[in-house]
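The values are calculated or read from the model by the stated rules, or taken from the named source; none is laboratory data. Fair warning: this is a prediction, and the values are worked out from it, not measured in the lab. As a convention, Cβ positions derive from the backbone with ideal geometry for all residues, glycine included, and neighbour counts pool all protein chains shown.
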Amino acid sequence: MMDLIIRNARLRRAPDLVDIAIVSGKISEIRRGMKGKGKQEIDAKGMLVSESFVNPHLHLCKVYTLEMMSEEALKAYQEEGMGKAMSAIELAAKVKERYDEGWIIPNVRKAVRLAILNGVTHIRAFADVDSKAKLKGLKSLLKVKEEFKDIVELQVVAFPQDGIAREPGTVELIRETMEMGADVVGGIPWIEFTERDSQDHVDQMVAIAKEYDKDISMLVDDAGDPGLRTIEMLALATIREGMIGRTLAHHARAMALYPRPYFQKLSALLKKAQMGVVSDPHTGPLHAQVRELLAEGNLVSLGQDDISDAYYPYGRNNMLEVAFLASHLLWMTTLEDMETLYDMITINAARCMNVKGFGIEVGNVANIVVLGERNTNEALRTHREPLYVISHGKLVDLEKMRE
């Protein structure tokens, strides 16, 4: 007796319908016309069945805060070739003066429920840690993480949004978050005023991650300045400190302005560091050279980044929607491109987050979605909620998520 069987599933890149058996939270068998019965059974009716969706970049402590502030930060971030990105961050920081668990936690719950409804089972969630936010956002995320731990995995990032040289005392706060149970050490080295301070930012955050045996996520070069090179700093530190495969670069928008010879060197360096790149092309007019990175064999994924905050007014924690938008912005519109985009919100994103045992294979954890469409093209076109979501082998009660 299996715990759950998905009948008549159409897998990506597979010609025949199959049945998928799940036992003790893991995929135990994949075959045509499976015999035996499950305690629960789902008939996919020939619709697309895939691994669940993964969001490797979301500023979860800030969701639904746009209405709490003016649009000046939004304008500064998205206009004039992103030349005022630093000004946008300074303007957006004002909301943190009002941080309170009383409104942060309900907002976070709402966003996490949306993620589940849209088939997202893993999120790398950033919480600002600095002299203004202090630990309020991070504590809120840790509480919600515990509430939803059986359905969605939140990797909570302690994120020094306003820098460490610019914000004295932040390094000590980051250390405190590690003791509290934060999962990932964050960083944003490009925000510092000098190159020396940027290097010190990278070095100190990498040292903390190494000390506490944590992965690293850093927002790098998020402005329209071709001279920004903090992604290179992070890759070199990754190699030097033996953190291969444990660091992740987000945004890297200045890469759009890099000359080709430097891009080629950087691509090789990223591969040596086994460092992925998360791009969010829908939230700013510049973005990393996604197509070029993929062509060079680099690991690239897509993130939601923001939900109705100072940097982006939309967002539903719907990774199919993110991939749909990226398809237009990156001109990835062939059927092969669509499969790549789908990988960037599932398999690639899971690799970026170092999620183990992920994918539709026997022995892997059963994190699965059953869609209402027959193929990847239709799934991206409609970007609708899945019909069913299975998390860690258990069928999620989606109606309960709507309450």
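A few notes on this one:
- Residue match in region 87-102 (condition: among the aromatic types (Phe, Trp, Tyr) and closer than 30 Å to residue 255 by Cα): no
- Search result, residues across region 27-59 that are part of a strand (DSSP E or B), closer than 26 Å to residue 112 by Cβ and not hydroxyl-bearing (Ser, Thr, Tyr): 27, 40, 42, 48, 49, 51, 53, 54, 55, 56, 57, 58
- Screening the candidates 191, 151 for the property of being touching a residue at least 24 places away in the same chain (Cβ under 8 Å), assigned by TED's automatic domain parsing to the domain that holds residue 114 and farther than 23 Å from residue 253 by Cβ yields one hit, 151.
- Meets criteria (assigned to a strand (DSSP E or B) and hydroxyl-bearing (Ser, Thr, Tyr)) for residue 217: yes
Conditions (1) in contact with an Asp or Glu (Cβ under 7 Å, 6 or more places away or on another chain); (2) buried (at least 20 other Cβ atoms within 10 Å of the Cβ), marked per residue:
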residue	(1), (2)
79	no, no
85	yes, yes
88	no, yes
92	no, yes
98	no, no
102	no, no
109	no, no
123	no, yes
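- Of all residues in region 131-159, those satisfying the criterion of being in contact with a Gly (Cβ under 8 Å, 6 or more places away or on another chain) and not small (Gly, Ala, Ser) are 142, 156, 157, 159.
- Residue in region 83-100 that is assigned to a loop (DSSP other than H, G, I, E, B), more than 25 Å from residue 281 (Cβ to Cβ) and not assigned by TED's automatic domain parsing to the domain that holds residue 365 present: yes
- Pick from region 212-242, criterion within 23 Å of residue 355 (Cα to Cα) and among the acidic types (Asp, Glu), ranking: surrounded by the fewest Cβ atoms within 10 Å (Cβ to Cβ): 213
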